[in-house]
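So the structure is just underneath, and the comments pick up after that.
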Amino acid sequence: MTISSLWLCDFRCFEETQVEPKPTGFTVLRGLNGSGKTSLLEAIGWLATGRSIRGAARETLVRHGTDRAILRAETLVNDKHNLIEAEIPSSRAASTQLNRRPVRHRAEIASALQVSVFSPADRRLVEGGPAERRGFLDEVLVERSPRLEAVVNDVVRVLRQRAALLRRSGGKLDQSILTTLDVWEQRLAISGTELVIAREALTHELEPLVSKGYADLAGHVEHVTLTYRRSWAGELADALRSVREEDLRRQVTTVGPHRDELEIRLGSTPARTHASQGEQRCIALALRLATHDVRLRTAPEPPVLLLDDVFSELDPYRSAALVEQLPPGQVLLTTAVDPPAVVGQVVEVARNSLLTRFSG
């Protein structure tokens, strides 16, 4: 799976530009901070997923003074050429086409372009709150099996409806409220249990890969364990009924997949509170490498790797170790300086333009 050409118009700081990444190995996007190099990765991420890899709002992607951005990428998957096009208006919903046909489901794009993204913000997966890690698991699950997007969305929708009902009840459980609670809780029990079972299976699959990846990056063996902890015991439907009184009082749903935790431990201690920043960074990178590995098992070809400034917080040993661990395939990385042990195509990025291209 490779990108043969990427074209942007009125996206972020770029009025118009085009880049043709190296089909295999490294394409290095080198430039000063603020030059727009991460925006190139963001454009690829948008075409692959329909969202910003930085979590930015849609309207911020449109160049100031214009009303829409246009993205276009040509990809090659199993000798099949694909054209992906996206229009991102500043004031209405974005749209995407694959081979000139409107895209309605994420699985359609997955057949033409998939990406794995590494960025400095990934440390939040270790040092951040439980929501960061739950979101990470759900993201990987949907990327690997797009049908699960409907399950994730249903859980979010039902939790929102149940919360609105609890607020509307005013803390009182009459027959109307009770009947409606039964409906939402039944749906949450079905979708929530399916989602949690998938999260637990993914956690079990990732753990040995993360532990090995961390040891390779850190240069020493220290076991990393991943443990998925549910916020309830037994059946979810029973748990929801058991906390109704408390939920009515607090007007929130206190058990369910939105309250679960993915616990990460380095050795015998919680990585969130006891690991150093360097250790947290290595664990986060090991998590991303592991998810890339599990996706290789179901993807038609290796996803495109997007590495955003990953060397800025790594020492030379860990930077070299990361390069050695990267699987074969197409890799685009951003950097303000020459990355270690990387030979490939280099694209010099200046604000609003790509200045020079050459191969190392």
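The values are calculated or read from the model by the stated rules, or taken from the named source; none is laboratory data. Quick caveat: nothing in here was measured; it's all calculated off a predicted structure. Cβ: placed from backbone, ideal geometry, glycine included. Neighbour counts: every protein chain shown.
Asp154 versus (1) surrounded by 17 or more Cβ atoms within 10 Å (Cβ to Cβ); (2) among the charged types (D, E, K, R); (3) closer than 18 Å to Thr254 by Cβ: which is the lone unmet condition?
(3)
Of all residues in the stretch 7-26, which are touching a helix residue (DSSP H, G or I) at 6+ places or on another chain (Cβ under 8 Å) and buried (at least 23 other Cβ atoms within 10 Å of the Cβ)?
Leu8, Phe11
If Asp293 satisfies all but one of (1) out of contact with any Pro (no Cβ under 9 Å at 6 or more places or on another chain); (2) at pLDDT 80 or above; (3) over 17 Å from Pro120 (Cα atoms), what's the number of the condition it fails?
(1)
Filter the stretch 27-55 for residues that are in contact with a helix residue (DSSP H, G or I) (Cβ under 8 Å, 6 or more places away or on another chain), of a type in the set (A, V, I, L, M) and either part of a helix (DSSP H, G or I) or farther than 19 Å from Glu15 by Cβ (or both) and give the result.
Correct list: Leu47, Ala48, Ile53.
What are the pairs with Cβ atoms under 6 angstrom where one residue, in the stretch 182-201, is of a type in the set (Phe, Trp, Tyr) and the other, located anywhere, is assigned to a helix (DSSP H, G or I)? Sequence gap at least six, or different chains.
Short answer, once both residue conditions are applied: Trp184/Val158; Trp184/Gln161; Trp184/Arg162.
Specify the residue that is farthest from Glu108 (Cα to Cα); the eligible residues are those in the stretch 56-66 that are assigned to a helix (DSSP H, G or I) and not charged (D, E, K, R).
Once the filter is applied, the top-ranked residue is Thr60.
Give the number of residues within the stretch 125-165 that are touching an Asp or Glu at 6+ places or on another chain (Cβ under 6 Å) and in contact (Cβ under 8 Å) with a residue 40 or more places away in the chain.
The qualifying residues number 4.
Residues in the stretch 247-272 that are among the charged types (D, E, K, R) and closer than 17 Å to Gln161 by Cα: how many?
So the answer is 4.
I'd like the residue in the stretch 261-301 that is under 26 Å from Ala107 (Cβ atoms) and crowded, with 20+ Cβ neighbours inside 10 Å and, out of all such residues, is farthest from the chain's Cα centre (by Cα).
Within the stretch 261-301, the match that is farthest from the chain's Cα centre (by Cα) is Leu262.
Working carefully through the options Arg162, Arg133, Arg187, find the one that is at pLDDT 90 or above and surrounded by fewer than 19 Cβ atoms within 10 Å (Cβ to Cβ).
After applying the criteria, what remains is Arg187.
How many of the residues in the stretch 226-276 are in contact (Cβ under 8 Å) with a residue 40 or more places away in the chain and part of a loop (DSSP other than H, G, I, E, B)?
8
Could you list, in sequence order, the residues of the stretch 100-128 that are more than 14 Å from the chain's Cα centre (by Cα) and part of a strand (DSSP E or B)?
Arg101, Pro102
With respect to Gly45, is the statement that it is among the small types (Gly, Ala, Ser), modelled with pLDDT of 85 or more and either under 23 Å from the mean Cα position of the chain (by Cα) or farther than 27 Å from Val337 by Cβ (or both) true?
When the stated conditions are applied, Gly45 passes them.
Is there a residue in the stretch 304-315 that is farther than 16 Å from Asp122 by Cβ and touching a strand residue (DSSP E or B) at 6+ places or on another chain (Cβ under 6 Å)?
yes
Among the residues of the stretch 78-124, what is the count of those that are of a type outside the set (Phe, Trp, Tyr) and under 30 Å from Thr273 (Cα atoms)?
8
Listed residues Leu40, Leu47; which is surrounded by 19 or more Cβ atoms within 10 Å (Cβ to Cβ) and over 17 Å from Ala112 (Cα atoms)?
None of the other options fit; the residue is Leu40.
Restricting to the stretch 88-102, name every residue that is free of Cβ contacts under 8 Å to residues at least 12 places away in the same chain and not small (Gly, Ala, Ser).
Passing the criteria: Arg92, Arg101, Pro102.
Of the residues Leu322, Leu248, which single one is closer than 19 Å to Ala215 by Cβ and either in contact with a Gly (Cβ under 7 Å, 6 or more places away or on another chain) or of a type outside the set (Gly, Ala, Ser) (or both)?
Leu322 is the lone residue from the list that is closer than 19 Å to Ala215 by Cβ and either in contact with a Gly (Cβ under 7 Å, 6 or more places away or on another chain) or of a type outside the set (Gly, Ala, Ser) (or both).
With (1) of a type outside the set (Lys, Arg); (2) farther than 21 Å from Ile283 by Cβ; (3) more than 25 Å from the chain's Cα centre (by Cα) as the list, and His220 as the residue in question, which single condition is left unmet?
The number of the failed condition is (2).
Name every residue in the stretch 94-134 that is touching a Lys or Arg at 6+ places or on another chain (Cβ under 9 Å) and among the β-branched types (Val, Ile, Thr), in order of residue number.
Val117, Val126
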